[in-house]
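So the structure is just underneath, and the comments pick up after that.
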Amino acid sequence: MLADRRESGFVLALRVHESLTAAAEKRLLVWMAERMPKSIGSDHLTAVGFASQLAAGAAYALAAWDPRALWLVSVFLVLNWLGDSLDGTLARVRNQQRPRYGFYVDHMADTFGAMALMAGLASSGYVHWQIAAGMLVCFYVLSIESYLATYTMGHFHLSHSIFGPTEIRILLVVGNAVLLVHPYASIAGRRFLLFDVGGAVAIVGMAVMAATAAIRHTIVLYREDELP
């Protein structure tokens, strides 16, 4: 099986990144990669990103006893951005890409990291576990759609509309700061947990993005794969 897979070749998918911060982020990452010490490699950065996301989940859980842990969450999210975003850029700048290995490891780290982050958030008391679970499920659905599109269409979408991983981290960091002052939101005279409201909006948004992408890609593939 492995021999057949190697013989069939591996097509490097076109990366599509059109989020709000994508252009500025790319310039910053290239600048950092060009100045990265030779002793630090892509695998080191991947490990930093993964460990930081696990630590962010643990810090969310700790916030149930001490709200100041929310600052730790934000610090770990920044470190997660650094490792998760810079590892691939460093490999490309140094021309040391391992596309199959990098794609697989990076996204498996994202999969387990997202689980840890949402588990920690669900334990924090700042959001009901049902909302955290809903966000995790929608994130997985979006990820699956993106991976299937990568395989079948040859392009890998790192973002949906103006939202990508960096924008999500920014929203979480801002939300963490607001939580320390206003953990609740009032809507129509009723009080809700702030992250319940934000999480519900995120669930709807991700569901719409996944459904829209699935319909669009299904139509494209239907037209391209015509019956003889």
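The values are calculated or read from the model by the stated rules, or taken from the named source; none is laboratory data. Quick caveat: nothing in here was measured; it's all calculated off a predicted structure. Backbone-built Cβ (ideal geometry, glycine too); neighbour counts: all protein chains shown. Protein only, heavy atoms only, side chains kept; ligands, DNA and RNA dropped before computing areas. Shrake-Rupley method; radii C 1.70, N 1.55, O 1.52, S 1.80 Å.
General remarks:
- FRET efficiency for the pair residue 162 and residue 51, taken as 1/(1 + (r/R0)^6) with r the Cβ-Cβ distance and R0 = 35 Å, rounds to 0.75.
- Whole-number D in µm²/s for segment 126-165 (Stokes-Einstein; Kirkwood sum over Cα pairs; 4 °C, 1.567 mPa s): 114
- With all protein chains kept in place, the per residue accessible area of the chain amounts to 61 square angstrom at a probe of 1.4 angstrom.
- With R₀ set to 35 Å, the beta-carbon distance separating residue 227 from residue 115 gives a calculated FRET efficiency near 0.30.
- For the chain, dividing the convex hull volume of the Cα atoms by the residue count gives 156 Å³ per residue.
- Label-to-label distance for residue 153 and residue 128 is 3.5 nm, based on points extended 7 Å past Cα in the beta-carbon direction.
- Chain lengthening between residue 170 and residue 92 when straightened (0.36 nm per residue, less Cα-Cα): 25.6 nm
- Length-normalised contact order of the chain in % [C-alpha pairs under 8 Å, at least 6 apart]: 27
- Between residue 66 and residue 178, full extension at 0.36 nm per residue minus the direct alpha carbon distance yields a gain of 38.8 nm.
- The chain - percent of accessible surface contributed by carbon and sulfur, probe 1.4 Å: 69
- For segment 1-120, the alpha carbon positions stretch 55, 37, 31 Å along the principal axes, listed from largest to smallest.
- For segment 154-167, 3J(HN,Hα) per residue [Karplus equation, 6.51 cos²θ - 1.76 cosθ + 1.60, θ = phi - 60°, Hz, x = Gly/Pro]: x, 9, 10, 8, 7, 9, 10, 6, 8, 9, x, x, 5, 5
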